[in-house]
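**Student:** Quick one: the structure is below, and I'll ask about it shortly.
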Amino acid sequence: DHELEAVQDFEGFTGLTVTATGSQQQLIHLNEAVAATPDGLIGEDAGIEIKCPQSITHLKYLTAHNATDLKVINPQNYWQVQGLLYVSQRQHWFFVSYDPRFKSTDKQLHLFKVEPDPVDQALLAERLILAIAYRNQLM
């Protein structure tokens, strides 16, 4: 419900312009078998993943300041961002947590930049090869 509101706050805070959001999201293909739909794109080099979680989860995200923290706090979100980086081949991604229910406006928007991790990207590539092979076997 608050994703586009989060985009506006992100743009106001960073001065960056986010495109391909909401109903205008783009499907980005790595190949004929693998694709991703980012929450938004920033120029040619970046993207954005937005979470508008329950307040207790947002509070946890406020303690994250980098990809390593995110990997501990919420591995699923970490791997989602690494997957978006891998598929899009972009240089970095912004992880954003937004909760307008926080009374303190400086705590409503929390963000940090994530860059591709070469070791995890290699693991993703291996897993994608296995997943595609398994899909092909089933078909």
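**Student:** State all residues of region 5-23 that are at pLDDT 95 or above and not in a loop (DSSP other than H, G, I, E, B); if no residue qualifies, say none.
**Tutor:** Of everything in region 5-23, those that are at pLDDT 95 or above and not in a loop (DSSP other than H, G, I, E, B) turn out to be Glu5, Ala6, Val7, Gln8, Asp9, Phe10, Glu11, Gly12, Phe13, Thr14, Thr19.
**Student:** Right, next: Filter region 19-41 for residues that are within 17 Å of Ser97 (Cα to Cα), surrounded by 15 or more Cβ atoms within 10 Å (Cβ to Cβ) and not polar (S, T, N, Q) and give the result.
**Tutor:** Residues satisfying the conditions are Pro38, Asp39, Gly40, Leu41.
**Student:** Taking the stated definitions as given, is Arg90 in a loop (DSSP other than H, G, I, E, B), of a type outside the set (A, V, I, L, M, F, W, C) and either at positive phi or open to solvent by less than 40 Å² (accessible area, probe 1.4 Å) (or both)?
**Tutor:** Against the criterion (in a loop (DSSP other than H, G, I, E, B), of a type outside the set (A, V, I, L, M, F, W, C) and either at positive phi or open to solvent by less than 40 Å² (accessible area, probe 1.4 Å) (or both)), Arg90 qualifies.
**Student:** Hey, could you check region 24-71 for residues that are charged (D, E, K, R) and not in a helix (DSSP H, G or I) and say which is nearest to Ser104 (Cα to Cα)?
**Tutor:** Top of the filtered list is Lys51.
**Student:** Limited to region 84-112, what total is found for residues that are basic (Lys, Arg) and over 16 Å from Ala6 (Cβ atoms)?
**Tutor:** Total meeting the criteria: 2.
**Student:** Out of the residues in region 114-128 meeting the condition of being surrounded by 11 or more Cβ atoms within 10 Å (Cβ to Cβ) and without any contact (Cβ under 8 Å) to a residue 24 or more places away in the chain, tell me which one is farthest from Ile42 (Cα to Cα).
**Tutor:** Looking at residues that are surrounded by 11 or more Cβ atoms within 10 Å (Cβ to Cβ) and without any contact (Cβ under 8 Å) to a residue 24 or more places away in the chain, I get Arg127.
**Student:** Whether any residue in region 50-65 is among the charged types (D, E, K, R), surrounded by 15 or more Cβ atoms within 10 Å (Cβ to Cβ), farther than 22 Å from His2 by Cα and in contact (Cβ under 8 Å) with a residue 12 or more places away in the chain is what I want to check.
**Tutor:** no
**Student:** Taking only region 93-108 into account, find how many residues are open to solvent by less than 100 Å² (accessible area, probe 1.4 Å) and more than 15 Å from the chain's Cα centre (by Cα).
**Tutor:** 6
The values are calculated or read from the model by the stated rules, or taken from the named source; none is laboratory data. Nothing here was measured: the structure is a model prediction, and the numbers come from that model. Neighbour counts run over all protein chains shown; Cβ positions are idealised from the backbone, glycine included. Note: areas computed on protein heavy atoms with side chains; ligands, DNA, RNA excluded. Shrake-Rupley method; radii C 1.70, N 1.55, O 1.52, S 1.80 Å.
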